[in-house]
Structure formats: C-alpha cells, structure tokens
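Inspection log for the structure reproduced underneath, given as structure tokens.
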2 protein chains.
Amino acid sequence: MLNQQAAALDRLFKALADPSRRVMVERLARGPASVSELARPLAMSLPAVVQHLQVLEASGLVRSEKTGRVRTCRMEPAALQAAERWIAERRATWERRLDRLGDFLAEDVGRPKRGSKP
Amino acid sequence: MLNQQAAALDRLFKALADPSRRVMVERLARGPASVSELARPLAMSLPAVVQHLQVLEASGLVRSEKTGRVRTCRMEPAALQAAERWIAERRATWERRLDRLGDFLAEDVGRPKRGSKP
C-alpha cells in the first residue's frame, strides 16, 4: 500500500518535472481541451505532445477520451491534490518544529540563568 | 526570468520524484541531520545517498555544510513553497472554473425555458 502510494507520487512529481507538461496542466486547469489545442502554445510536433499526454495520463493528472476523430483531455484535480498534500504535510512538520523551537527559546528566556542572582 | 523559474520547478519536481529523496526530505522537515542519519532508513550505500543529496541540493530543497568530518543537512522550506505555490495556483484556476460553471448552471435553472409558458 505504502509502495503503491510512493509509486503514485513518483509518477506525479515526474509528470510535473517538465515545462511543456506543466503548460498542458495549466491549460487544462482552465477547462477541457483537444490535443491540438494543447499543442498550440508548445513548439513541438503533435506526436511529441501525445507522448507528454501519455506521461500525464499515467500519473493520473489528466484523462482523455476520443469521440470521433477528436481526443478531449481533462484535468483530474484529485491527483494534483495528492502532490499538494505531500508537500503540505512536510511544511506542517517543519512549522511544528519551528513552533517547538520558539517555545523552547521563550522558556529559556523566562528561566533565570545558572549562577544569576535571584 | 520565466525560463529560470521553469528550470527551478523542473529541478524541484524532479527532486521530489524519487521515494528515497522524499524520505530524506521527510527526515529533514523534522530537523537537521548528518548524511549517515539520512542514510539510516534507506537500504543503500552512503555514496548513493550522497548522490541523492546532490540532486536535492541542486533543487534548492536542501543545503548542507561540512564541519570537520560531519556534513550536516538542512531543509530549505522556501523551495518547497515554490512547488506548493505552483500546484495551488492550478487548483485555484480549476476551482474558479467550477464556480463559474456553478453560477452558469444556477442562472440557467432560474431562466424560463424557451417555449415554456410564462
């Protein structure tokens, strides 16, 4: 189970580690698009776009559906949330640590120093 | 500038796309650690851990400092925030789109159908 989650996060972060794929996700956050619409702002061939699309689909970030000759792509927000959650959990751990450090320092300031006069 | 930001996000998401590197970030979110402490939960050689550490340092997620024979590693929360921000912006775009869709549907329900009696 943990391994499956780790593999899913591997695929997610790998999918996001490419600027063209991020442009595709940015476009799909604004609504569904065909493959040629996704290709428009990208300086690459349609087959290259389809390859990137496959990486995005494997990660769960995007799904697509063919109707007639047009393949329509949609964003899957749940996958993006999984990546966001992982990062937010690390930040929360980090912030709790800073809070504890703050508490410790505040206590330390309140406490009389060893050898100081009462 | 945009290209630099894109390259920074590439490195960040690539750094997070590996389960061992994520274990290292999870450990460092709890506080600084030496390389051998980072290696402890990972089934790999110290040189392999150092290689992962180099990827994390190149991404800006971690910095390290050698004092005597011990290299101490720390998390850099600002880098993690950049990744979090990119994801949150996509989610915000997606949610605004859902809101607009909701408004549109609500208006459409309120409007009398064409041909319906007044």
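The values are calculated or read from the model by the stated rules, or taken from the named source; none is laboratory data. Small disclaimer: the values here were computed from a predicted structure and weren't measured. Every residue, glycine as well, gets a Cβ built from its backbone with ideal geometry; the counts of neighbours run over all protein chains shown. Protein only, heavy atoms only, side chains kept; ligands, DNA and RNA dropped before computing areas. Shrake-Rupley method; radii C 1.70, N 1.55, O 1.52, S 1.80 Å.
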In whole Hz, with x marking every Gly and Pro, tabulate ³J(HN,Hα) for the stretch A:88-94 from phi via Karplus 6.51 cos²θ - 1.76 cosθ + 1.60, θ = phi - 60°. 4, 5, 5, 4, 4, 4, 4
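Given a 1.4 Å probe, how much area per residue of chain A is accessible, in Å²? If you can, show how the numbers build up before the last one.
On the way: 7470 Å² over 118 residues.
Value returned for chain A: 63 Å² of accessible area per residue.
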Any idea what the dipole of the protein assembly as shown comes to, in debye rounded to 20, about its Cα centre with Lys/Arg Cβ at +1 and Asp/Glu Cβ at -1? 80
Extension reserve of the A:Arg71-A:Asn3 stretch, reckoned as 0.36 nm per residue once the Cα distance is removed: 21.3 nm
Got a sec? What order do A:Phe13, A:Phe104 fall in by accessible area at 1.4 Å, biggest, i.e. largest, first? A:Phe104, A:Phe13
Accessible surface of the protein assembly as shown, 1.4 Å probe, proportion on carbon and sulfur as whole %: 53
I need to check one value: relative contact order of chain A, counting alpha carbon pairs closer than 8 Å and at least 6 residues apart, in percent. 24
Answer check: chain A, Cα atoms, Kirkwood Rh, Rg/Rh ratio of 1.34
Please calculate the 1.4 Å probe accessible area of B:Thr67, with all protein chains present, and give it to the nearest 10 Å². 100
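Could you sort A:Val55, B:Val25 by accessible area so the largest value comes first, with the probe set to 1.4 Å?
On the way: A:Val55 40, B:Val25 0 Å².
Sorted by accessible area, descending: A:Val55, B:Val25.
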When chain B is modelled as a GNM with alpha-carbon springs shorter than 10 Å, which of B:Arg90, B:Arg22, B:Arg11 fluctuates the most? B:Arg90
at B:Gln54 the sorted inter-copy label distances (label 7 Å from Cα on Cβ side), in nanometres, are 3.1
With θ set to phi - 60°, apply the Karplus curve 6.51 cos²θ - 1.76 cosθ + 1.60 along the stretch B:26-34 and write out the HN-Hα couplings as whole Hz, x wherever there is a Gly or Pro. 4, 4, 6, 5, 7, x, x, 8, 7
Can you give the accessible area of B:Asp10, probe radius 1.4 Å, in Å² rounded to 10? 40
Taking the simple approach of a point 7 Å from Cα along Cα-to-Cβ for both B:Ser34 and B:Leu101, what is their distance in nm? 5.4
